[in-house]
Amino acid sequence: MAKDFDKTPSYFNNEDAFERYLGRTSYYLTLQNCVEKLIGIINPESVVELGSATGATSIRLAEKFKDTHFVGIDMREDVVNIAKKLGCGIDNLEFTIGDMNEYAKKQVDNDFVLMLYSFHHIVDPIENKIIFLNNIYNNMKQGAYLCIAETFIPDKANGIGDYRSILNLWETRKQEGFASTFWNALGSVDEEGISKAIKIGEYCGENELLAGTLVVKRDDEYLVQPSFLIDIGKKAGFNVILNQPVNTLEDRIILFKK
C-alpha cells in the first residue's frame with residue numbers, strides 16, 4: 001500500500017491515505033457516530049451501504065451490530081478488494097462490486113440503505129439524482145429507510161453557483177481538517193512526532209480546500225443543498241424522518257422512510 005501522502009489523496013482506493021486523511025477527520029467520524037446511533041435505535045435486520053469504498057463504515061457497524069447483516073457495494077473492483085481484505089472474518093458482512101444507480105433500479109430487500117459521502121457522487125446533470133431517488137423509492141420495501149449522510153452546500157448560499165459562500169465554507173473545513181487530523185495523528189510530543197502530525201494535518205487541510213474548488217467547478221464533487229434533497233425526496237414519495245446537522249461544517253444526516 002502506498003505510503004506517500006504528500007500528493008492529492010485518492011483516499012477511496014488507498015487504505016493508507018484514507019487512514020491518514022478522511023478517516024481521521026472530525027466530520028467523517030461524527031457522521032459515522034450518528035449513523036451508528038440511528039442503526040442502534042432502528043435495529044434493522046439488514047443494511048446496505050452504497051458507495052462503501054474501502055469498507056471502513058460497514059466494518060465498524062458490522063462489528064458493533066452482530067445481529068444485523070451488512071452489505072457494502074462499490075463500483076470499483078480495487079476498493080472492494082481492499083474492503084474484503086479488511087473485513088475478512090466478520091460473519092455478518094459482505095462486499096460486492098456494483099453501481100449504486102443500477103442497484104436502485106432493482107428490488108431493494110434491505111431494511112436500511114446507507115449512503116455516507118456517496119450521494120454527491122451521482123454525476124451531473126442534477127436530474128440523475130432525481131432519477132436515483134425515484135428508482136430507489138419505487139424498489140424499496142415499505143417501511144425501509146434511506147439514510148443520506150453527507151456534506152451539503154449551505155441553504156443560505158445563493159444556489160450551487162455561489163462560489164464565494166462555498167469556498168468560504170471549505171476554508172473553514174480546511175482549518176477543521178488540519179486540527180482534527182493533527183490530534184489524531186499525534187503519537188509523541190518529540191520533534192519527530194509533532195512534525196509528522198503537522199505534515200498530516202497540512203495534507204488534510206490543503207486537500208480539503210482543493211475539494212472545495214472541485215465543488216465549485218462541479219468536477220467529481222456534485223454536492224447539493226439540503227433543501228433540494230428534501231424536496232426531491234418528498235416528490236419521490238419519501239417521508240422525511242430526520243434532517244439534522246451533525247456539526248457547523250454543513251455535514252448533516254437526512255433520513256427518509258418509505
Please compute the modelled spin-label separation between residue 97 and residue 37, points set 7 Å along Cα→Cβ, answer in nm with one decimal. 3.8 nm
Virtual spin-label span in nm between residue 230 and residue 158, 7 Å along Cα→Cβ: 2.3 nm
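For segment 101-138, which chymotrypsin sites (Phe, Trp or Tyr not before Pro) pass both filters: DSSP loop (anything but H, G, I, E, B) and at most 12 other C-beta atoms within 10 Å? Write out the running numbers ahead of the final one.
Working: sites: 103, 112, 117, 119, 132, 137; in loops: 117.
Here no chymotrypsin sites (Phe, Trp or Tyr not before Pro) fit, given the DSSP loop and packing criteria.
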Filtering trypsin sites (Lys or Arg not before Pro) in segment 42-94 by DSSP loop and by at most 12 other Cβ atoms within 10 Å leaves 66
Karplus-derived HN-Hα couplings along segment 189-197 (A = 6.51, B = -1.76, C = 1.60, θ = phi - 60°), whole Hz, x at Gly and Pro: 9, 8, 4, 5, x, 5, 4, 5, 5
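Assuming R0 = 22 Å, can you tell me the calculated FRET efficiency for the pair residue 78 and residue 214, based on Cβ-Cβ distance, to the nearest 0.05?
0.55
Which FRET efficiency value, to the nearest 0.05, do you get for residue 183 and residue 107 by plugging their Cβ-Cβ distance into 1/(1 + (r/R0)^6) with R0 = 41 Å?
Working: r = 45 Å, r/R0 = 1.09.
Efficiency, rounded to the nearest 0.05: 0.35.
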Portion, in percent, of the accessible area of segment 46-140 that falls on carbon or sulfur, probe 1.4 Å: 50 percent
When the label point is put 7 Å from the Cα of residue 165 along its Cα-to-beta-carbon vector, which residues of segment 210-246 have a backbone N closer than 13 Å? 224-228
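Any chance you could tell me what percent of the C-alpha pair distances in the chain go past 36 Å? Provide the component values of the computation, followed by the final result.
On the way: 3464 of 33153 pairs.
Taking all Cα-Cα pairs of the chain, the fraction more than 36 Å apart is 10 percent.
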Put +1 on the Cβ of each Lys and Arg and -1 on the Cβ of each Asp and Glu in the chain; which of 128, 166, 193 then has its Cα farthest toward the positive end of the dipole? 128
Estimated 222 nm signal from helices in the chain, with DSSP H stretches of n ≥ 4 weighted -39500 (n - 2.57), rounded to 500: -15000 deg cm²/dmol
Roughly speaking, what is the stretch gain from residue 29 to residue 206, that is 0.36 nm per residue apart minus the C-alpha to C-alpha distance, in nm to one decimal? 61.8 nm
Surrounding charge for residue 227, neighbours by C-beta under 15 angstrom, Lys/Arg +1, Asp/Glu -1, total 0
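The values are calculated or read from the model by the stated rules, or taken from the named source; none is laboratory data. Computed from a predicted model, the values in this text were never measured in an experiment. Note: ideal-geometry Cβ built from the backbone for every residue, glycine included; neighbour counts use all protein chains shown. To get the accessible areas, we keep the full protein, side chains included, count just its heavy atoms, and leave off ligands, DNA and RNA. Shrake-Rupley method; radii C 1.70, N 1.55, O 1.52, S 1.80 Å.
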